[in-house]
Protein chains: 2
Amino acid sequence: MATIKDVAKEAGVAVETVSRVLNNRGYISDKTRNKVYEAMKSLNYTPNTFAQGLSKKNMDAIAVIVPHVEHPFFSKVISRLEKEISRRGYRFFLYNSSGDIKNEEKVLKLCESSFMTGALLFSADYDTDMLKRFQIPIVLVERKAENDICSVCCDNKMGGRLAASRLIEDGCKSLLIFNTGNIIAMPGDEREKEFVKTAKKSEVSCKVYRSSALQYMANSHYDIIKKALLENPSCDGIFATSDVIAAQVIQVCDSMGKRIPKDIKLVGFDDVILSTLTTPSITTIRQPVEEIASLAVDVIEKLSEGKKVRSSYKLPVELIERQSG
Amino acid sequence: MATIKDVAKEAGVAVETVSRVLNNRGYISDKTRNKVYEAMKSLNYTPNTFAQGLSKKNMDAIAVIVPHVEHPFFSKVISRLEKEISRRGYRFFLYNSSGDIKNEEKVLKLCESSFMTGALLFSADYDTDMLKRFQIPIVLVERKAENDICSVCCDNKMGGRLAASRLIEDGCKSLLIFNTGNIIAMPGDEREKEFVKTAKKSEVSCKVYRSSALQYMANSHYDIIKKALLENPSCDGIFATSDVIAAQVIQVCDSMGKRIPKDIKLVGFDDVILSTLTTPSITTIRQPVEEIASLAVDVIEKLSEGKKVRSSYKLPVELIERQSG
């Protein structure tokens with residue numbers, strides 16, 4: 001493989017000149033520039049992008065740190081971020097923290113020491129004092145802004161309101177909501193609060209059930225769904241704060257002989273591929289993942305250029321009609 | 001942030017000495033080594049891993065190139081590979097080629113020029129002559145070995161045989177198979193061939209339906225499923241060559257009033273999360289994704305050390321019992 005030295009020799013110029021052409025630095029005459037380009041072409045030389053990144057102390061790389069990779073919501077997020085980050089000419093690094101704050105700290109340290117442009121953190125738990133110690137742009141996605149760490153998320157309150165309004169308009173009188181109980185504030189909490197508030201306003205009964213952190217990590221909400229349906233036999237409307245939970249509601253209802261949407265109407269949250277593949281398919285609140293991805297990368301770029309950003313950004317959600325409610 | 005120069009100054013040694021300690025190169029006395037370590041600790045210095053990689057001309061990084069990120073099978077594969085690659089101390093790069101051979105070539109060129117350890121290619125289409133031109137280890141996953149490019153995949157023939165045997169043992173007399181029609185040989189083809197062969201041996205009727213490449217890319221197989229069920233009203237057993245197709249079979253059957261597994265028994269392929277979340281859940285052939293991930297990284301490591309590897313590796317599959325068949 002040709003090196004920068006070979007290019008310099010072939011073009012009859014100094015190595016420093018080739019480096020200046022590659023990094024677009026300082027004055028170079030068109031004649032010299034062309035000689036260097038021709039030498040690169042004839043030697044089939046590709047510059048080492050890491051060497052270029054080191055030389056300008058910016059790797060043009062963005063790290064994405066998620067607690068799960070296979071969960072349908074994170075798959076969708078990773079897919080859209082990979083597209084957005086590559087499209088803008090950055091390298092895309094994916095790290096799975098397994099929700100462990102120590103892993104997150106380790107990865108962020110690596111990002112900082114290797115001149116990455118910034119990191120997008122989808123944390124299950126985090127310590128903003130720890131985050132503030134890092135000297136690279138960090139943006140929280142789908143988590144609450146705190147302590148000057150910027151956050152990008154969807155309008156979870158609006159989601160809760162839309163879900164409740166939809167079920168109430170459909171004539172439901174006895175609502176249940178399935179959420180995940182977590183140690184830290186999660187986006188599901190705002191969905192839940194606003195859903196309950198909207199139900200109260202319309203004087204419709206509404207009960208909240210929360211899965212344990214263990215059930216959340218294992219992605220298994222069957223026990224709590226079954227318990228709730230046994231305790232509330234007259235339930236006729238359900239809001240699940242994720243499509244994965246909604247799919248499990250369909251399974252439990254089926255096993256108990258309750259028909260969706262005939263006996264119970266169901267609204268999910270996220271709008272991941274799964275919501276199109278269940279029977280019935282899931283009426284859900286769409287998170288604008290493309291827009292979240294684009295905005296999150298915008299914020300990283302602004303922060304890396306020393307520009308001011310807002311402490312948090314919220315993007316509107318919408319109801320997607322399918323078969324379940 | 002402390003630099004290597006600061007560490008050298010603090011330890012009272014030359015920059016080259018610090019570099020030798022970091023890269024574990026040449027003789028260094030314990031006394032000097034300890035001085036460098038102490039200086040690194042007191043300055044909170046983290047070596048730039050890219051600079052280390054450049055210095056030894058190996059980035060300890062493995063690229064994973066997939067045609068989709070959000071498809072449930074690729075989500076699972078990405079999840080397992082991220083774990084395996086990180087566990088062994090490599091950086092994990094993810095690239096979405098969108099199945100475009102030109103993108104693949106571009107990414108491989110980047111991997112080669114930036115001293116990556118190797119690349120794992122899940123291609124929808126590829127040109128082995130093009131692949132052979134690269135001087136870094138490349139392993140094909142779930143694709144056929146060809147032209148000296150090593151491949152790691154599951155035993156797709158065994159999968160087709162297991163699926164057919166299961167449906168035949170269950171008393172099915174009229175089988176359908178849904179596969180994706182592609183320009184190049186895909187793993188689904190071996191599943192299909194062996195399924196048909198096994199059905200023939202048992203003198204059970206078996207018809208093949210294939211989605212177009214367009215339907216495969218859009219992940220939408222509804223039209224072909226509906227057509228097949230209308231043309232074969234006595235069908236009592238279906239093999240779908242992926243769980244995504246199987247989920248769509250459940251939806252179409254439901255819309256036509258056919259009950260699974262009562263009227264039609266269904267076996268899928270892959271064993272992704274989706275197969276546990278449909279109603280009914282999908283009896284499927286499990287791809288050993290953990291083992292595939294581990295073996296694929298093994299092969300990259302062996303190739304990068306100049307060791308010999310086999311031209312292809314095949315891992316056994318197993319039938320996972322759920323509700324659909």
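The values are calculated or read from the model by the stated rules, or taken from the named source; none is laboratory data. If you're wondering where the values come from, they're calculated on a predicted model, not measured in any experiment. Cβ placement follows ideal geometry from the backbone for every residue including glycine, while neighbour counts extend to all protein chains displayed.
A:Glu38 meets the conditions (1) part of a helix (DSSP H, G or I); (2) within 13 Å of chain B (Cβ to nearest Cβ); (3) of a type in the set (Asp, Glu) in every case but one. The failed one is (2).
Of A:Thr276, A:Thr283, all but one fail to be away from chain B (no Cβ under 14 Å) and either touching a His at 6+ places or on another chain (Cβ under 7 Å) or in contact (Cβ under 8 Å) with a residue 40 or more places away in the chain (or both); the exception is A:Thr283. The single residue among A:Asp170, A:Asp223 that is among the acidic types (Asp, Glu) and touching a residue at least 24 places away in the same chain (Cβ under 8 Å) turns out to be A:Asp170. The residue that is surrounded by the most Cβ atoms within 10 Å (Cβ to Cβ), among those in segment A:306-324 that are among the aliphatic types (A, V, I, L, M) and touching a residue at least 60 places away in the same chain (Cβ under 8 Å), is A:Val317.
Among the residues of segment A:99-144, those that are surrounded by fewer than 18 Cβ atoms within 10 Å (Cβ to Cβ) and among the aliphatic types (A, V, I, L, M) comprise A:Ile101, A:Met130.
Based on this model, can you work out whether B:Gly53 counts as within 28 Å of A:Pro67 (Cα to Cα) and assigned to a loop (DSSP other than H, G, I, E, B)? When the stated conditions are applied, B:Gly53 does not pass them.
Out of B:Lys41, B:Lys31, B:Lys56, which single residue is in contact with a helix residue (DSSP H, G or I) (Cβ under 8 Å, 6 or more places away or on another chain) and among the basic types (Lys, Arg)? Result of the check over B:Lys41, B:Lys31, B:Lys56: B:Lys56.
So, in segment A:46-66, how many residues would count as being more than 8 Å from chain B (Cβ to nearest Cβ), out of contact with any Leu (no Cβ under 6 Å at 6 or more places or on another chain) and buried (at least 20 other Cβ atoms within 10 Å of the Cβ)? Show your work before the answer.
So the first thing to find is which residues in segment A:46-66 are more than 8 Å from chain B (Cβ to nearest Cβ), and the list is A:52, A:55-58, A:60-66.
Filter once more, keeping what is out of contact with any Leu (no Cβ under 6 Å at 6 or more places or on another chain): A:52, A:55-58, A:60-63, A:66.
When the remaining residues are screened for being buried (at least 20 other Cβ atoms within 10 Å of the Cβ), the result is A:61-63, A:66.
Total meeting the criteria: 4.
Checked against (1) within 14 Å of chain B (Cβ to nearest Cβ); (2) out of contact with any Asp or Glu (no Cβ under 6 Å at 6 or more places or on another chain); (3) of a type in the set (A, V, I, L, M); (4) under 25 Å from A:Lys173 (Cβ atoms), A:Leu230 passes all but condition (1). Only one of the numbered conditions (1) in contact with a helix residue (DSSP H, G or I) (Cβ under 7 Å, 6 or more places away or on another chain); (2) outside any helix (DSSP H, G or I); (3) over 19 Å from A:Asp100 (Cα atoms) is violated by A:Phe134, and that is (3).
Taking A:Glu84 as the residue in question, decide whether it is under 27 Å from B:Glu84 (Cα atoms) and in a helix (DSSP H, G or I).
yes
Restricting attention to segment B:161-181, the residues being within 20 Å of the chain's Cα centre (by Cα) and crowded, with 19+ Cβ neighbours inside 10 Å number 2.
Return yes or no: is A:Cys206 closer than 16 Å to A:Leu266 by Cβ, without any contact (Cβ under 8 Å) to a residue 60 or more places away in the chain and out of contact with any His (no Cβ under 7 Å at 6 or more places or on another chain)? Answer is yes for this residue. Selection of first residues in segment A:1-20 that are in contact (Cβ under 8 Å) with a residue 40 or more places away in the chain and of second residues that are surrounded by 19 or more Cβ atoms within 10 Å (Cβ to Cβ), restricted to Cβ pairs under 6 Å at least 6 apart or on distinct chains, gives the following pairs, ordered by first then second residue: A:Ala2/A:Tyr45; A:Ile4/A:Val18.
Among the residues of segment B:87-102, those that are outside any loop (DSSP other than H, G, I, E, B) and either within 11 Å of another protein chain (Cβ to nearest Cβ) or on the phi > 0 side of the Ramachandran plot (or both) comprise B:Arg87, B:Arg91, B:Phe92, B:Phe93, B:Leu94, B:Tyr95, B:Asn96. When A:Phe92, A:Phe122 are checked against the criterion of being more than 30 Å from A:Lys197 (Cβ to Cβ) and of a type in the set (Phe, Trp, Tyr), A:Phe92 stands alone in meeting it. Just checking, does segment B:14-25 include any residue being surrounded by fewer than 16 Cβ atoms within 10 Å (Cβ to Cβ), modelled with pLDDT of 85 or more, hydrophobic (A, V, I, L, M, F, W, C) and not in a loop (DSSP other than H, G, I, E, B)? Yes, segment B:14-25 contains at least one residue that is surrounded by fewer than 16 Cβ atoms within 10 Å (Cβ to Cβ), modelled with pLDDT of 85 or more, hydrophobic (A, V, I, L, M, F, W, C) and not in a loop (DSSP other than H, G, I, E, B). Of the helices (runs of 4 or more DSSP H) entirely within segment A:221-325, those holding at least 3 residues that are over 15 Å from the mean Cα position of the chain (by Cα) and in the same structural domain as A:Leu162 (by TED's automatic domain parsing) occupy A:222-231, A:243-255, A:274-277. Kindly establish whether B:Lys83 is among the charged types (D, E, K, R), under 36 Å from the mean Cα position of the chain (by Cα), surrounded by fewer than 21 Cβ atoms within 10 Å (Cβ to Cβ) and facing another protein chain (nearest Cβ under 8 Å). In short, yes. With respect to the conditions (1) within 14 Å of another protein chain (Cβ to nearest Cβ); (2) within 19 Å of A:Met186 (Cα to Cα), A:Ser113 lacks only one, and its number is (2). Screening A:Val196 against (1) of a type in the set (Val, Ile, Thr); (2) surrounded by fewer than 19 Cβ atoms within 10 Å (Cβ to Cβ); (3) outside the structural domain of A:Phe239 (by TED's automatic domain parsing) leaves a single unmet condition, (3).
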